[in-house]
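Please treat every number below as a calculation from the coordinates, not as lab data. Not measured: the values here are computed from a predicted model. A quick note on method: Cβ atoms are made from the backbone with ideal geometry, for glycine too, and the neighbour counts reach across all protein chains shown.
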Amino acid sequence: MARPGYKRRLEAVKSAAPQQIGKYVVARELGHGTTSNVYLCHDPYRGHDVAVKLYHSEEGLTEKESMVRRRLFFNEAQMAGMLDHPNILPILDAGEVDDKRYVVMEYVPEARPLREHCSPDRLLPLGKVVEVVFKCARALEYAHSQGVIHRDVKPGNILLTRQGDVRLVDFGVARTARSSPENIRGFFGSPSYMAPEQVTKHIATRESDLYALGVVFYELLTGKRPFYGSHIEQLRQQIVYATPVPVHKLRAEVPPELERIVNRAIEKQPGRRYRSGLEFASDLAQAFQETDRVHRKIVEQERFRCLRHLAFFQDFSYPNIWELLNAGSWEQYRAGEALLQEGDLDESFFVLVSGSVLVQRGGETVGRLAPGECFGAAGYLDEVIRDTGIVAADDTEVLRLNATAVEQCSTDCQLRFMRQFLRRLLKRLGSCEVPARQG
């Protein structure tokens, strides 16, 4: 239960946006929290934008709360210029003005916290999850090599940039080699991501950070945290003693290799976890290669399944279909995209796998083709200028083939292809591959 007046003080802080913080000119608020607000500011001396975290006034706080607030500030302030890694948000400056303390960070436009992808309906693709965790593991390896233990690794402290890159942020509760004993003690961080040794109030180590990253990994894969509790003591019991639901039961497509990595990262005993971020990242790199190979195999099998059900391939053996699938180019188009335009010089032959396309001449639609139908026969036989255009009516997939690719297939496959090709061509003979215009 919040203390009386706490929410009122917080709302007052939110609404009181300053015009300037030190030398930094405030443009707008980027976010707010219980201890600080973050503003987009302009640095007039360097001529670029920065993000400035302004700690709230200590007015009305107890002595203990003021001490914690100061500790958070000084922890971050000492990081200025200390960590230089592409996946760690750099702290550029720190200072104090009008009894308010601030920390200046790099501004990353449109970066969003990773927690937005921690619900079952907003999960990232497996490959992207592996990439994100890989980069975080490398960032932690670097921080640890500099004597810094983050102590609060969680989705809210990992930013995903507009370009899909990663930034680890918020070293307010970090422990460094220069930390004084009072900075080390205390229950800091986010309990749901704490290792067993942290929730039992032992000193956090690099293994504790890697455990937290393992929890983040579990959550990104499944949309669920491995441990829950209605209150802190129940959560503590879960973290120390309980076994989480296996990842594959929450997301069946997760391969065993990734699940093995998650399980090792969140082992109860620190000695059974990854010894370093580098070791964690190395396992992820190997798993990514295996995951990517498995993913490609699944995609290829699904495409084969689609082709063998089309009328065009009814007389083909399975090996023949695989030959053409490997010889051709599988292409996807969004509704409204042009596959072919009038006046194009093209020698491709297309089999429509899914969706539908419109056949157009002179800007008018003169036909519509459905899955299993083909187009481009004239260009395939003899490279000609197209007198019709083909536009996707909805999301569409096609198999594009040309004579050079088909010639690389077996003789049996080529004969079956030419038989089907000529049947399709004869059906359209005299109509220039499109239905005759009415009237």
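Descriptive notes on the structure:
- Qualifying residue in segment 121-133 (condition: surrounded by 14 or more Cβ atoms within 10 Å (Cβ to Cβ), hydrophobic (A, V, I, L, M, F, W, C) and closer than 13 Å to Leu210 by Cβ): yes
- Positions within segment 16-75 being assigned to a strand (DSSP E or B) and of a type in the set (Gly, Ala, Ser), in sequence order: Ala27, Gly31, Ser36, Ala51
- Evaluation of Arg303 against (1) out of contact with any strand residue (DSSP E or B) (no Cβ under 7 Å at 6 or more places or on another chain); (2) within 30 Å of Cys409 (Cα to Cα) (one fails), failing number: (1)
- Residue selected from segment 195-211 under the condition assigned to a loop (DSSP other than H, G, I, E, B) and within 29 Å of the chain's Cα centre (by Cα), by the criterion surrounded by the most Cβ atoms within 10 Å (Cβ to Cβ): Ala195
- Qualifying residue in segment 232-242 (condition: farther than 23 Å from His202 by Cα and small (Gly, Ala, Ser)): no
- Condition broken by His309, with the remaining ones in (1) under 36 Å from the mean Cα position of the chain (by Cα); (2) in contact (Cβ under 8 Å) with a residue 24 or more places away in the chain; (3) surrounded by fewer than 16 Cβ atoms within 10 Å (Cβ to Cβ) satisfied: (2)
- Qualifying residue in segment 344-356 (condition: surrounded by fewer than 13 Cβ atoms within 10 Å (Cβ to Cβ) and assigned to a helix (DSSP H, G or I)): no
- Among residues of segment 217-261 being hydroxyl-bearing (Ser, Thr, Tyr) and in a helix (DSSP H, G or I), the one that is surrounded by the fewest Cβ atoms within 10 Å (Cβ to Cβ) is Tyr241.
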